[in-house]
1. Which one is farthest from the ligand (Cβ to nearest atom), of the residues in segment 12-39 that are exposed (fewer than 12 other Cβ atoms within 10 Å of the Cβ) and among the basic types (Lys, Arg)?
2. Pull up segment 40-65, narrow it to residues that are among the charged types (D, E, K, R) and more than 18 Å from Asp13 (Cβ to Cβ), then point me to the one that is surrounded by the fewest Cβ atoms within 10 Å (Cβ to Cβ).
3. Name the residues in segment 33-65 that are within 11 Å of Cys22 (Cα to Cα) and not in a strand (DSSP E or B), would you?
Amino acid sequence: MTAETPHTTTTLDPRLLAILVCPKCKGALTHRSAEQALDCPACKLRYAIRDGIPVMLIDEAAPLP
Ligand SMILES: [Zn+2]
């Protein structure tokens, strides 16, 4: 599935963001609104946000640059 949507002003629900943790280490995530991603500094992983929905899957996570 190619979900390359053009840059929309996706505002992630703050309540959702508050309960989201890294599925790997259960640590807090850093919201990167510019990259549409959630970063886990501890695991050095980046979880994508697709259409405003965070993809909280370790298998789908990309290593932090
Ligand atoms: Zn983590």
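No lab work stands behind these numbers, since they all come straight from the coordinates. Computed from a prediction, not measured in an experiment: that's the story for all the values here. Cβ atoms come from the backbone with ideal geometry, glycine included; neighbour counts cover every protein chain shown.
1. Ranking the candidates gives Arg15 first.
2. Here is the first cut: in segment 40-65, the ones among the charged types (D, E, K, R) are 44, 46, 50-51, 59-60.
Cutting the leftovers down to more than 18 Å from Asp13 (Cβ to Cβ) gives us 44, 46, 59-60.
Values: Lys44: 11, Arg46: 19, Asp59: 6, Glu60: 12.
Of everything passing the filter in segment 40-65, Asp59 is surrounded by the fewest Cβ atoms within 10 Å (Cβ to Cβ).
3. Pro41, Ala42, Cys43, Lys44, Val55, Met56, Leu57, Ile58, Ala61
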